[in-house]
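A short write-up of the structure that comes next.
The values are calculated or read from the model by the stated rules, or taken from the named source; none is laboratory data. Everything numeric here is computed off the predicted structure, so don't read it as measured data. Heads up, the Cβs are rebuilt from the backbone with ideal geometry, glycines too, and the neighbour counts pull from every protein chain shown. These accessible areas exclude ligands, DNA and RNA; they are computed on the full protein's heavy atoms, side chains included. Shrake-Rupley method; radii C 1.70, N 1.55, O 1.52, S 1.80 Å.
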Amino acid sequence: MSLPQMKNYVNGEWVESDATTFGDVWNPALGEKIATVPYGTRGDVDRAVQAAKEAYWEWRTTPPLTRARYLFRLKDAFEENFEEIARVLTTEQGKCIDEARGEVRRMIENVEHATGVTTLMCGYTLEDIAKDIDCYGHKQPMGVFAGIVPYNFPGMVAWWFLPYAIVTGNTYLVKPSEQVPMTQTRIFEILDDVGLPEGVVNMVHGSRDVVNAILDHPDIEGVSFVGATPTAKYIYERCGATGKRVQALGGAKNIVAVTPDANLDAAMPSLTTSFFGCSGQRCLSGSILAPVGDVADELLEKFSASAANMKVGSGLDEQTAMGPVVSAAHKERVLGYIEKGIEEGADLIMDGRNFTVPEYPNGFFVGPTIFDNVKPDMAIASEEIFGPVVSVVRCKDLDEVIELVNTRNYANASCLYTGSGATAREFKYRVKPSMVGINIGIAAPMSFFPFGGAGNSMFGDTKGHGQEIFNFFTDTKVVIQRWL
Ligand code: NAD
């Protein structure tokens with residue numbers, strides 16, 4: 001039986017790619033191929049950009065509230081298809097169905113937030129800046145923008161940008177991750193029914209060639225990227241070379257610290273999902289657990305018990321707490337890090353190698369893994385593993401844990417569990433990562449707050465969603481006028 005093949009969405013139509021090479025899409029719980037994806041070409045990108053360019057002028061002159069009404073319709077359509085989107089997402093990505101539902105909810109929240117365009121896109125005015133002279137600045141759309149997104153959130157991440165881009169009057173092109181192209185394809189089928197004008201949004205599947213064609217395209221004004229740090233840096237530099245606006249969000253090595261006065265029992269559910277949710281494949285996953293002072297033994301006893309209690313299996317099973325990792329190749333990469341941790345001399349107190357789920361013998365599963373007595377300079381405490389592997393770095397006091405946070409290569413997020421307001425304030429004040437959780441795990445900002453890190457976790461200066469995203473997608477035109 002031949003597998004379904006993804007198509008591009010260009011100018012309001014589903015079209016075949018020019019591709020001569022194709023990739024496989026997998027169900028990671030079953031270890032089975034379920035679809036193929038074309039590795040698109042410069043020609044594919046050109047046609048999509050041309051469609052977006054032709055749609056631009058009429059779309060930008062459409063009143064903002066009229067543009068927002070398409071988003072209201074889109075929200076309703078997403079709600080109607082909510083469960084189905086979540087199931088497609090789990091099938092190709094592997095995460096638990098409840099996490100997939102959470103992701104779809106966050107995607108819809110971005111659509112909802114973007115409908116505030118009529119206040120969030122407003123400019124400002126000041127009369128009499130000099131004798132008889134008034135000044136105003138208003139935000140204008142700029143043209144065609146593009147989004148390039150990663151595999152770990154196949155639905156939501158593109159929507160940190162897309163609704164804001166179009167509601168402000170730009171037109172758009174998305175390149176989904178070639179590992180998980182089915183979710184965005186289903187989302188675009190739903191979008192197609194909403195009747196947005198042709199060419200306002202477009203989607204081209206593919207890999208590096210499509211990315212490079214986007215980065216080099218003279219008619220693309222700006223790029224939003226989310227993915228690994230080396231790719232983010234590459235995107236940032238190449239966009240800079242061609243003078244594009246760019247926001248490039250990269251990887252992470254997030255630390256979760258716990259002080260002795262924390263309520264450990266209350267912390268355990270969010271602490272456990274911070275590390276093992278999405279099998280550790282989140283830019284907001286906990287990666288290092290840092291007990292502060294003499295809480296370490298009690299914390300590790302409770303945390304290990306909580307990890308061991310998780311049901312690992314297919315994400316489509318409602319009881320599952322942790323699914324597989326996305327691919328056989330990624331499983332090998334994660335196992336490689338476990339070997340490395342052993343070589344480096346850390347104590348492997350929970351071993352997720354050779355982990356099998358009898359009902360799913362071919363799935364790409366890695367069991368929950370915990371290393372104790374990890375030193376800050378070990379690879380497992382420095383590099384992004386992106387799997388269910390926890391490195392425990394014991395710290396003597398708050399200064400030491402803040403030092404640990406601020407000397408990682410990344411600065412995406414961090415979290416502290418504590419019973420002390422003063423300790424919490426000190427921690428959030430001094431740590432470098434831009435997203436901080438207090439007694440809540442590594443929590444994701446909602447659509448009306450900005451999303452993004454610092455240091456090597458983000459290149460560019462405008463973060464995803466929040467209010468600032470309206471600046472990324474607009475140019476503030478300042479008019480200074482005198483009528484004599
Ligand atoms: P990735 O960088 O491999 O891929 C992301 C996108 O870039 C994909 O669409 C891919 O096709 C493209 N790409 C990959 N390599 C490329 C290259 N050399 N040249 C041109 N294009 C290339 O990332 P991934 O493995 O899909 O996603 C996981 C990574 O994303 C992790 O590092 C994770 O921390 C990060 N991430 C960050 C955030 C954030 O908000 N900071 C959110 C989600 C994921």
In percent, how large is the relative contact order of the chain, given Cα pairs closer than 8 Å and 6 or more residues apart? 19 percent
Report, in deg cm²/dmol and to the nearest 500, the calculated mean residue ellipticity at 222 nm for the chain, where each DSSP H run with n ≥ 4 adds -39500 (n - 2.57) and the sum is divided by the residue count. -11500 deg cm²/dmol
Applying the gyration tensor rule to the Cα atoms of the chain (axes a ≥ b ≥ c; rounded if a/c under 1.5, else prolate if a/b exceeds b/c, else oblate), the class is oblate
Which percent of the accessible area of the chain is formed by carbon and sulfur heavy atoms (probe 1.4 angstrom)? 50 percent
May I ask you to compute the full-extension gain from residue 140 to residue 18, defined as 0.36 nm times their residue separation minus their alpha-carbon distance, rounded to one decimal in nm? 40.5 nm
Under 14 Å from a point 7 Å along the Cα-to-Cβ line of residue 349: which residues of the stretch 241-261 have their amide N that close? 258
Listed residue pairs exceeding 28 Å between alpha carbons, taken from 331/463; 33/375; 311/428; 244/331; 75/139: 331/463; 33/375; 311/428; 244/331
Using a ≥ b ≥ c from the Cα gyration tensor of the stretch 150-240 (square roots of the eigenvalues), is it rounded, prolate or oblate, where a/c under 1.5 gives rounded and otherwise the larger of a/b and b/c decides, a/b for prolate? oblate
Calculated FRET efficiency, residue 5 and residue 61, Cβ-Cβ r, R0 35 Å, to nearest 0.05? 0.40
With the contact rule set at Cα under 8 Å and sequence spacing of 6 or more, what percent relative contact order holds for the stretch 350-484? 15 percent
Could you name the aspartates and glutamates in cross-link range of residue 477, using Cα to Cα under 19 Å and dropping any fewer than eight places away on the same chain? 127, 128, 134, 221, 468
Taking the alpha-carbon distance from residue 7 and a cut-off under 15 Å, which aspartates and glutamates remain once sequence neighbours fewer than 8 residues away in the same chain are dropped? 16, 18, 24, 44, 178, 189, 192
Determine the distance separating the Cα centre of the stretch 402-455 from the Cα centre of the stretch 462-484; give it in Å without decimals. 29 Å
At most 12 other C-beta atoms within 10 Å and a DSSP loop state: those are the exposed trypsin sites (Lys or Arg not before Pro) I care about. Give me the longest piece of the chain that has none. 132-310
Taking only protein heavy atoms into account and a 1.4 Å probe, give the accessible area per residue of the chain in Å². 40 Å²
What shape does the stretch 1-40 have by the C-alpha gyration tensor, where a ≥ b ≥ c are the square roots of the eigenvalues, rounded means a/c under 1.5, and otherwise prolate means a/b greater than b/c and oblate the rest? prolate
Computed FRET efficiency, Cβ-Cβ of residue 130 and residue 449, R0 51 Å: what is it to the nearest 0.05? 0.85
